[in-house]
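The structure appears right after this line, and notes come after that.
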Amino acid sequence: GTTQPISMPTAQMALVGPDGLPTQPWWRFFYQLFTRSAATIPYLVGSGLTAAGTTQADALALSSEWNEVTTTAANTGVILSAFGAGFESTVFNRGLNTLKVYPPVGCQIDALAANAAYSLATVKSQVFYQISATQFYSLQLG
């Protein structure tokens, strides 16, 4: 194939073509990033998960943004990943028992103590928003 150099637009070059879209490759790239909808960015999904352990240290570590836990023995749990401030994790409890949802070590959920588990009732869903390096807030979906 042939390669074309990417050139900066000049006053004589149109930034927008007849179709209303940017003409320069670099501008099209940024335009696509700007107009991209969240629906086109796939979430990581963990399904059919089994809760584990009875403490923060031995709970099942979640590595996805959407997590469906289908097996919850009594007092078992999961631990959220610290993706970073601005990220969220959704947990669906489809098991038969309440699910313990632990924050990452040294973090807290809502006004609970650091490292304390959030109790997610059976057949409920919860979104956990990480707003800082150590704080998560939650919102129940139903």
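The values are calculated or read from the model by the stated rules, or taken from the named source; none is laboratory data. Quantities reported herein were computed from a predicted structural model and do not represent experimental measurements. A quick note on method: Cβ atoms are made from the backbone with ideal geometry, for glycine too, and the neighbour counts reach across all protein chains shown. Accessible surface areas use protein heavy atoms only, side chains included; no ligands, DNA or RNA. Shrake-Rupley method; radii C 1.70, N 1.55, O 1.52, S 1.80 Å.
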Where N is the number of residues in the range 79-142, Cα Rg divided by 2.2 N^0.38 Å: 1.02
Between Ala121 and Gln135, with labels modelled 7 Å along Cα→Cβ, what's the label distance in nm to one decimal, could you check? 2.7 nm
Run the 1.4 Å probe and let me know the accessible area of Leu49, rounded to the nearest 10 Å². 40 Å²
